[in-house]
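Trainee: Can you keep this structure in mind? I'll have questions shortly.
None of the figures in this text is laboratory data; all of them are computed from the coordinates on show. Only a predicted model underlies this, so the values are computations on that prediction, with no experimental measurement involved. Using ideal geometry, Cβ is built from the backbone for each residue, glycine included, and neighbour counts are taken over all protein chains shown.
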Amino acid sequence: MKEISWQEFEQVELRTGTIVEVHDFPEARKPAWKLVIDFGTEIGKKQSSAQITDLYTREELLGKQIIGVVNFPPKQIGPCISECLVTGLIQDDGSVVLAVPDKATANGLKLA
């Protein structure tokens, strides 16, 4: 594990957002959803893809709050441009459990 400084960590913008759209992503090499996430008025809506199909259905994801990194540069993933990183915890079997706030919060709040 690489150690980073507190100043480096402070540069990562981890924010709360709500998933407002979930789309199929058949072009993905590994099963994934295309997501549109609302990060509030300051940041707005951003799209991403997430390999979370093992544990989450479209219906479960719509309206779900997540924690995402919003200040990475856009990344091309097949035909999708990912504008944020949806955070999660990778289990031994490779499935991903989303990192989420345990209570409803306003979109765009920064993880402290």
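Trainee: Can you check what the net charge comes to around Gly108, using other residues whose Cβ is under 9 Å from the Cβ of Gly108 (Lys, Arg +1; Asp, Glu -1)?
Mentor: Counting the neighbours of Gly108, the net charge comes to 0.
Trainee: What is the extension gain from Leu109 to Arg58, computed as 0.36 nm multiplied by their sequence separation minus the C-alpha to C-alpha distance, in nm to one decimal?
Mentor: Extra length from Leu109 to Arg58 when fully extended: 15.9 nm.
Trainee: Okay, next question. Per residue of the chain, what 222 nm ellipticity follows from adding -39500 (n - 2.57) for every DSSP H run with n ≥ 4, rounded to the nearest 500?
Mentor: Helix-only estimate at 222 nm: -1500 deg cm²/dmol.
Trainee: Sticking with this structure for a sec: So what are the radius of gyration and Dmax for the Cα set of the chain, in Å?
Mentor: 13.9, 39
Trainee: Something else now. Considering the zone a paramagnetic label at Asp93 would reach in this model (a point 7 Å from Cα along the Cα-to-Cβ line), which residues of the stretch 29-73 have amide N under 16 Å from it?
Mentor: 31, 52-57
Trainee: Name the residues whose placed amide hydrogens come within less than 5 Å of the amide hydrogen of Thr53, ignoring near sequence neighbours (fewer than 5 apart) on the same chain.
Mentor: Trp33
Trainee: Determine the sum of side-chain charges near Pro74: Lys and Arg each +1, Asp and Glu each -1, restricted to other residues whose C-beta is under 15 angstrom from that of Pro74.
Mentor: +2
Trainee: Now for a separate question. Applying the Karplus parametrisation 6.51 cos²θ - 1.76 cosθ + 1.60 with θ = phi - 60° to the phi angles of the stretch 102-112, what ³J(HN,Hα) value in whole Hz is obtained for each residue in order, glycine and proline being reported as x?
Mentor: 7, 9, 4, 9, 6, 5, x, 5, 8, 5, 10
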